[in-house]
Amino acid sequence: MKVDYIGKISEENLPAIFVPYFLESVHAGFPSPASDYIESPIDLNKHLIKNGAATFLVRAQGQSMVGSGITDQAVLIVDRSIKPSHNSIVVATIDGEFVCKRLKLKPRMCLMPENPEYPPIFINSGQELEIVGTVTAAINKF
Amino acid sequence: MAFALVDCESFYASCERIFRPDLKNVPIVVLSNNDGCVIARSTEAKKMGIAMGVPWFKVRESFLKQNGKVFSSNFTFYGDISARVMNILEGFVPRVEIYSIDEAFLDLDTLKQNYNLYDFGCHIRSLVRQWTGIPVRIGIAPNKTLSKIAINEIKRKNIPTSVIDLSNEKQIKIALQHTPVGKVWGVGRRLNDHLNNAGINTALDLANVNPQNIRKKFSVVLERTVRELRGERCLNIEDDISSKKQIVVSRSFGERVSNLETLKPIVSNFAVRAAEKLRSERQKCSQVSVFVRTSPFNKNKPQHSDLRTIGLITPTNDTRDILTAAKKGLLPIFRSGYDYAKAGIILNKFTNEHVKQHSLFKDPNDPKQNTKLMKYLDQMNSYETQIYYASQNTKKWSPMRQNMTSPKYTTNWYDLPKVN
């Protein structure tokens with residue numbers, strides 16, 4: 001049989017689709033024991049935010065909630081889809097202002113600061129209280 | 001068989017209220033770029049008689065005297081809130097068509113049978129309200145055109161729940177009777193005049209015309225509208241985002257511009273932005289138009305407006321080609337002695353990026369083949385513009401005058417709402 005030499009094959013004149021080499025060599029022994037346990041790295045967003053469409057970040061001001069670990073300038077994660085209950089930390093509007101306090105439903109409904117130097121806020125008749133959402137986490141930077 | 005149209009109430013004004021509890025019940029207006037015209041009004045502002053689109057300077061004094069609150073537009077913020085609302089809707093119904101920043105169609109056919117649609121609407125409304133703070137109206141009807149009519153009915157009858165299920169024939173007939181034909185979806189001002197001349201004044205009049213006659217006298221599109229008004233379903237949910245057919249980048253200037261040396265860099269900025277948008281749509285264009293105009297409100301000054309279109313033989317999305325064409329278009333339409341108030345770039349005649357079209361003749365505009373360069377530039381400029389073209393104005397994107405913008409509450413760490 002006669003064979004004509006028609007030139008070298010380089011990557012450029014190969015057809016567009018060619019089967020690549022496997023990039024990893026195949027070991028004859030056991031596969032990596034970790035390969036079945038590969039997980040994506042830890043994602044803070046996933047950990048802290050369950051419902052993105054209803055979650056807003058706000059910045060805490062002042063010392064009224066230090067007792068619960070919310071320091072001045074902390075970033076609070078507020079989920080508007082979680083219905084607050086007795087003892088939830090909430091963001092509420094009262095007299096046209098946002099406040100963050102612990103919600104007490106009994107014995108009398110009030111917004112309770114977590115600092116003995118601040119008085120609880122009772123809702124008087126004629127005052128309007130609107131709960132915006134439940135605080136699910138606070139991020140304090142050091 | 002039913003569609004729902006979800007329509008955010010006074011959307012921009014409602015957004016401005018989310019983080020401003022002090023503005024509850026306060027009249028709010030939002031202004032267009034450069035604070036030129038009123039583009040959104042809260043219910044209170046509507047009651048004061050502030051018309052949509054009215055130039056701000058005409059109503060400023062009386063509006064502020066009555067303790068109204070005004071905002072420059074904050075589209076970064078509105079865009080984020082809109083995405084949240086749409087996201088919630090998509091969680092309810094598998095087929096959603098996002099029709100505009102504040103409207104979406106839902107296909108309710110996928111819901112379980114015997115589901116009470118009115119209750120379902122009320123549920124969606126209260127959820128969107130609680131989760132985002134945005135109030136919505138929900139119009140349920142057999143098709144898209146009637147769901148628009150349903151929204152009008154909510155406004156007309158001032159329905160307190162803001163939800164209506166317009167599915168029985170009698171109700172539909174009453175609604176059509178009360179809708180002027182010009183308010184029907186797809187009927188513009190000119191068509192409205194034509195229809196009025198033909199004695200068609202209400203939506204009901206239009207529904208009563210034989211669709212085939214409409215097709216002969218007007219168009220297939222209007223025939224479809226007539227059929228939908230009669231209860232047929234002609235239009236479906238378009239959930240694949242169809243690509244754009246035109247890109248416009250234009251701004252009114254905060255200060256008047258009367259010389260070419262100032263105008264050129266501004267138009268270059270528009271051209272650069274338009275080309276970026278074109279590439280993000282994965283399209284190429286073969287027509288670039290430039291326009292300039294003076295302010296129609298400056299009645300004592302001489303007026304001039306002009307538009308020039310430059311055709312490109314080979315479609316392109318390379319910024320350098322768009323810039324060359326923009327310059328070519330601008331030079332012949334600019335005239336000295338005029339105080340220009342607005343300019344813009346319009347890109348037209350799109351083809352898909354991957355479709356290659358070779359021309360017999362070499363394009364005198366010579367579109368570049370180097371797509372990698374544009375890709376790198378887009379990547380580098382995606383967060384903050386770092387690389388400019390020589391003809392651009394690097395100091396100001398456009399001479400804008402806009403100083404009543406609310407913070408970027410949801411997209412900027414430094415603008416987070418404050419809580420005591």
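The values are calculated or read from the model by the stated rules, or taken from the named source; none is laboratory data. None of these values were measured; they are calculated from a predicted model. Heads up, the Cβs are rebuilt from the backbone with ideal geometry, glycines too, and the neighbour counts pull from every protein chain shown.
Give the number of residues within the stretch A:56-81 that are among the β-branched types (Val, Ile, Thr) and more than 9 Å from chain B (Cβ to nearest Cβ). Can you show your working first?
Narrowing the stretch A:56-81 to residues among the β-branched types (Val, Ile, Thr): A:58, A:66, A:70-71, A:75, A:77-78.
Remaining after also requiring more than 9 Å from chain B (Cβ to nearest Cβ): A:66, A:70-71, A:77.
Of the residues in that region, 4 qualify.
Just checking, how many residues over the stretch A:90-116 are of a type in the set (S, T, N, Q) and at the interface with another protein chain (Cβ under 8 Å from one of its Cβ atoms)? Outline the logic, then answer.
Keep residues of the stretch A:90-116 that are of a type in the set (S, T, N, Q), which gives A:93, A:115.
Checking which are at the interface with another protein chain (Cβ under 8 Å from one of its Cβ atoms) leaves us with A:93.
Count: 1.
Across the stretch B:43-96, what is the total count of residues that are under 21 Å from the mean Cα position of the chain (by Cα) and at positive phi?
1
Which is hydrophobic (A, V, I, L, M, F, W, C) and outside any helix (DSSP H, G or I), of B:Val249, B:Val221? Let's see the steps before the verdict.
Numbers: B:Val221 fails: outside any helix (DSSP H, G or I).
Result: B:Val249 is the single residue among B:Val249, B:Val221 that is hydrophobic (A, V, I, L, M, F, W, C) and outside any helix (DSSP H, G or I).
Answer yes or no: is there a residue in the stretch A:69-92 that is among the hydrophobic types (A, V, I, L, M, F, W, C), closer than 20 Å to B:Leu23 by Cα, in contact with a strand residue (DSSP E or B) (Cβ under 7 Å, 6 or more places away or on another chain) and surrounded by 14 or more Cβ atoms within 10 Å (Cβ to Cβ). Break it down stepwise before answering.
Start the filter on the stretch A:69-92 by keeping residues that are among the hydrophobic types (A, V, I, L, M, F, W, C), which leaves A:70, A:74-78, A:82, A:89-92.
In the following step, the residues that additionally are closer than 20 Å to B:Leu23 by Cα were identified as A:91-92.
Now restrict to residues that are in contact with a strand residue (DSSP E or B) (Cβ under 7 Å, 6 or more places away or on another chain): A:91-92.
Keeping just the survivors that are surrounded by 14 or more Cβ atoms within 10 Å (Cβ to Cβ) gives A:91-92.
Looking through the stretch A:69-92, at least one residue is among the hydrophobic types (A, V, I, L, M, F, W, C), closer than 20 Å to B:Leu23 by Cα, in contact with a strand residue (DSSP E or B) (Cβ under 7 Å, 6 or more places away or on another chain) and surrounded by 14 or more Cβ atoms within 10 Å (Cβ to Cβ).
Which of the numbered conditions does B:Asp80 fail, given that it passes all the others? Conditions: (1) crowded, with 21+ Cβ neighbours inside 10 Å; (2) acidic (Asp, Glu); (3) within 14 Å of chain A (Cβ to nearest Cβ).
The one condition B:Asp80 does not meet is (1).
Here's the yes/no breakdown for (1) in a loop (DSSP other than H, G, I, E, B); (2) in contact (Cβ under 8 Å) with a residue 60 or more places away in the chain:
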position	(1), (2)
B:Met1	yes, yes
B:Leu5	no, yes
B:Tyr12	no, yes
B:Cys15	no, yes
B:Ile39	no, no
B:Lys46	no, no
B:Ile50	yes, no
B:Phe63	no, no
B:Tyr78	no, yes
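Given the options B:Ile124, B:Ile174, B:Ile159, name the one that is of a type in the set (A, V, I, L, M), part of a helix (DSSP H, G or I) and under 30 Å from A:Gly133 (Cβ atoms).
Values: B:Ile174 fails: under 30 Å from A:Gly133 (Cβ atoms); B:Ile159 fails: part of a helix (DSSP H, G or I).
The unique qualifying residue is B:Ile124.
Which is surrounded by 15 or more Cβ atoms within 10 Å (Cβ to Cβ) and not assigned by TED's automatic domain parsing to the domain that holds B:Cys37, of B:Ile151, B:Ile172? Spell out how you get there, then give the answer.
Working: B:Ile151 fails: not assigned by TED's automatic domain parsing to the domain that holds B:Cys37.
Of B:Ile151, B:Ile172, the one residue that is surrounded by 15 or more Cβ atoms within 10 Å (Cβ to Cβ) and not assigned by TED's automatic domain parsing to the domain that holds B:Cys37 is B:Ile172.
If the requirement is being touching a strand residue (DSSP E or B) at 6+ places or on another chain (Cβ under 6 Å) and among the basic types (Lys, Arg), which of these qualifies: B:Lys69, B:Lys58, B:Lys47, B:Lys65?
Only one candidate passes the filter, namely B:Lys69.
Filter the stretch B:17-42 down to the residues that are closer than 21 Å to B:Ala104 by Cβ and over 15 Å from the mean Cα position of the chain (by Cα), then identify the one that is farthest from the other protein chains (Cβ to nearest Cβ).
Filtering the stretch B:17-42 for residues closer than 21 Å to B:Ala104 by Cβ gives B:17-18, B:30, B:39-40.
Applying the additional criterion that residues be over 15 Å from the mean Cα position of the chain (by Cα) yields B:17-18.
Details: B:Arg17: 11, B:Ile18: 8 Å.
It comes out as B:Arg17.
Would you tally the residues in the stretch A:93-142 being more than 20 Å from A:Val66 (Cα to Cα), small (Gly, Ala, Ser) and surrounded by 11 or more Cβ atoms within 10 Å (Cβ to Cβ)?
Qualifying residue count, the stretch A:93-142: 1.
Against the condition among the acidic types (Asp, Glu) and touching a helix residue (DSSP H, G or I) at 6+ places or on another chain (Cβ under 6 Å), how does B:Asp7 come out, does it pass?
Numbers: among the acidic types (Asp, Glu): yes; touching a helix residue (DSSP H, G or I) at 6+ places or on another chain (Cβ under 6 Å): yes.
Yes; evaluated as a whole, the condition is true for this residue.
How many residues does the stretch A:121-138 contain that are closer than 30 Å to A:Lys46 by Cα and of a type in the set (S, T, N, Q)?
Let us first name the residues in the stretch A:121-138 that are closer than 30 Å to A:Lys46 by Cα, namely A:130-138.
Adding the requirement that they be of a type in the set (S, T, N, Q) leaves A:134, A:136.
Qualifying residue count, the stretch A:121-138: 2.
Answer yes or no as to whether B:Pro94 is crowded, with 18+ Cβ neighbours inside 10 Å and out of contact with any Cys (no Cβ under 8 Å at 6 or more places or on another chain). Walk me through how you get there before you give the answer.
Working: crowded, with 18+ Cβ neighbours inside 10 Å: no; out of contact with any Cys (no Cβ under 8 Å at 6 or more places or on another chain): yes.
So B:Pro94 does not fit the description; no.
Here's a check for you: in the stretch A:106-135, which residue that is assigned to a loop (DSSP other than H, G, I, E, B) and under 28 Å from the mean Cα position of the chain (by Cα) is farthest from B:Gln130 (Cα to Cα)? Give the derivation first.
Here is the first cut: in the stretch A:106-135, the residues assigned to a loop (DSSP other than H, G, I, E, B) are A:106-109, A:113-120, A:123-128.
Subset that is under 28 Å from the mean Cα position of the chain (by Cα): A:113-115.
Values: A:Pro113: 24, A:Glu114: 26, A:Asn115: 29 Å.
Among them, the one singled out is A:Asn115.
Which condition breaks for B:Ser72 when tested against (1) in contact with a helix residue (DSSP H, G or I) (Cβ under 7 Å, 6 or more places away or on another chain); (2) closer than 26 Å to B:Leu222 by Cβ; (3) more than 14 Å from chain A (Cβ to nearest Cβ)?
(2)
Being closer than 27 Å to B:Ala341 by Cβ and among the basic types (Lys, Arg) narrows it down to one residue among B:Arg20, B:Arg60; which is it? Before you say what the answer is, go through the steps one by one.
Values: B:Arg20 fails: closer than 27 Å to B:Ala341 by Cβ.
The conditions single out B:Arg60.
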